[in-house]
1. Kindly list the residues of segment 312-330 that lie in the label zone of Glu217, defined by a backbone N under 15 Å from the point 7 Å along the Cα-to-C-beta vector.
2. Could you state the accessible area per residue of the chain in Å², with a 1.4 Å probe and every protein chain left in place?
3. Restricting the count to DSSP beta bridges whose residues both fall in segment 66-187, what percent are antiparallel, rounded to a multiple of 5?
4. If you take every residue apart from Met358 with its C-beta less than 14 Å away from the C-beta of Met358, what net charge results, scoring Lys and Arg +1 and Asp and Glu -1?
5. Using a 1.4 angstrom probe on the protein heavy atoms only, line up Arg117, Arg334 by accessible area, largest first.
6. Using 1/(1 + (r/R0)^6) with R0 = 22 angstrom and r between the beta carbons of Gln67 and Arg39, what's the FRET efficiency to the nearest 0.05?
7. Hey, if we sort Met320, Met330 by accessible area with the 1.4 Å probe, largest down, what's the order?
8. If r is the Cβ-Cβ distance from Leu433 to Lys351 and R0 is 30 Å, what FRET efficiency results, to the nearest 0.05?
Amino acid sequence: MAIWNPNKECMSRDEMSALQGKRLHKIVDYVYHNVPFYRHKLQELDIVPDDIQTIEDIVKLPFTTKQDLRDNYPFGLQAAPQSAIIRIHASSGTTGNPTIVGYTRKDIGVWSECMARSLTSYGVTRNDTFSVAYGYGLFTGGLGAHNGVEKIGASVVPASTGNTEKHVKLIRDLGITGIACTPSYALYLAETMERLGISRDQTKLRIGAFGAEPWTESMRQEIEQRLGLKAYNLYGLSEIMGPSVSYECSEQHGSHINEDHFYPEIIDPVTLEPLPRGEKGELVFTTLTKEGMPVLRYRTRDLCSLMPGECPCGRTSVRMSRIEGRSDDMLIIRGINVFPSQVESVVLGMKEFAPRYMLIVDRKNNLDTFTVQVEIRQEYFTGTFDTPAAIEMLEKKLASRLKSVLSIAAKVQLKAPNTIERSQGKSAHVIDLRTI
């Protein structure tokens with residue numbers, strides 16, 4: 001498997017640590033003098049930039065949260081002057097002010113470099129035709145992936161989301177070999193291809209770069225089987241940069257972090273104490289080279305671990321495990337912690353079900369209620385489970401497996417094919433009526 005930038009992706013640990021220490025000192029000095037929010041935070045802790053000399057000194061620095069970004073809306077955390085900002089992205093802001101992120105020309109160059117590393121690790125070359133079906137616009141996915149494809153020299157098809165029937169015809173007619181989108185949209189593409197009578201053998205798809213939402217190994221296998229490609233994980237978040245903060249290699253055993261630009265930590269989300277490598281906790285990032293809006297120790301809320309050991313692919317950068325949930329998306333139902341990813345792993349482990357589900361939580365008479373809606377696959381819906389008795393038997397089977405995994409009973413509602421609402425962007429799997 002080719003490596004885009006061996007000088008950085010294959011650095012020795014001592015070289016990487018030394019580079020990270022130099023960059024950390026520089027970025028702390030930069031925000032101290034250009035971002036009042038961080039200057040006040042550091043002064044409260046009686047810290048000056050010269051106190052930060054090595055990467056180990058990072059534990060002295062304050063954390064940054066999404067609320068800090070919202071409280072400083074729109075440009076309070078921006079370090080570069082507005083004249084140096086050449087692009088602005090923003091989060092959806094569905095629960096408050098959107099997160100505004102400004103990028104300098106250097107930031108866009110770093111982002112493109114990191115995306116090129118990711119795509120190269122998947123096997124993308126300048127001979128590929130690559131469709132980017134992340135949303136373009138304020139969301140970082142579309143333009144982030146787009147720039148990386150162009151940097152490699154491959155042909156980019158800026159499909160975005162929507163108009164899916166036209167998209168799948170272009171996949172066939174243009175001989176598109178790679179695609180970047182959310183895992184849920186990949187399955188929607190597969191459904192559309194099947195409905196239009198376009199088989200996987202009629203396309204040249206071989207590589208998929210999927211991210212922007214959690215997905216399981218079972219979902220990976222489902223996508224690969226239905227689209228006839230190799231599915232790779234792509235991780236990122238706009239507060240840090242966008243897609244390509246980390247990426248899978250050919251080994252597909254964890255995702256390599258571009259740690260010369262984004263320094264990772266794992267902390268206990270309750271005590272905020274750093275955890276040793278290998279232990280699961282909340283992922284924290286510090287941007288080491290970002291000019292537009294650098295962040296110190298940003299709490300992502302994503303739960304994972306940093307993996308010990310070297311990767312056979314030759315890259316020496318630290319790997320992160322698959323995201324297992326979010327510390328702020330965790331549902332507490334009757335005192336039990338429940339993650340949507342746990343439900344997904346059960347659903348996708350049963351051949352009778354399509355990868356479409358919805359969790360509905362409510363409260364009646366001061367008691368939490370928990371319902372799981374799941375679609376039956378078409379071939380089972382019209383055959384094996386076409387009677388009320390058969391449906392009831394399957395509901396009981398799923399309810400039993402859910403209880404064994406979640407340690408809590410759920411009411412199961414089986415749905416007909418294509419009746420749970422589809423998303424062409426990030427999929428939503430939870431309706432919590434207790435907060436409405």
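1. So the set is 321-324.
2. Per residue, the chain has an accessible area of 43 Å².
3. So the antiparallel bridges in segment 66-187 amount to around 45 percent.
4. Residues near Met358 contribute -1 overall.
5. Correct descending sequence by accessible area is Arg334, Arg117.
6. It comes to 0.70.
7. Met330, Met320
8. The pair Leu433/Lys351 has a calculated efficiency of 0.45.
The values are calculated or read from the model by the stated rules, or taken from the named source; none is laboratory data. Since this is a predicted model, take the numbers as computed values, not measurements. Backbone-built Cβ (ideal geometry, glycine too); neighbour counts: all protein chains shown. Keep in mind that these areas ignore ligands, DNA and RNA; they rest on the heavy atoms of the full protein, side chains included. Shrake-Rupley method; radii C 1.70, N 1.55, O 1.52, S 1.80 Å.
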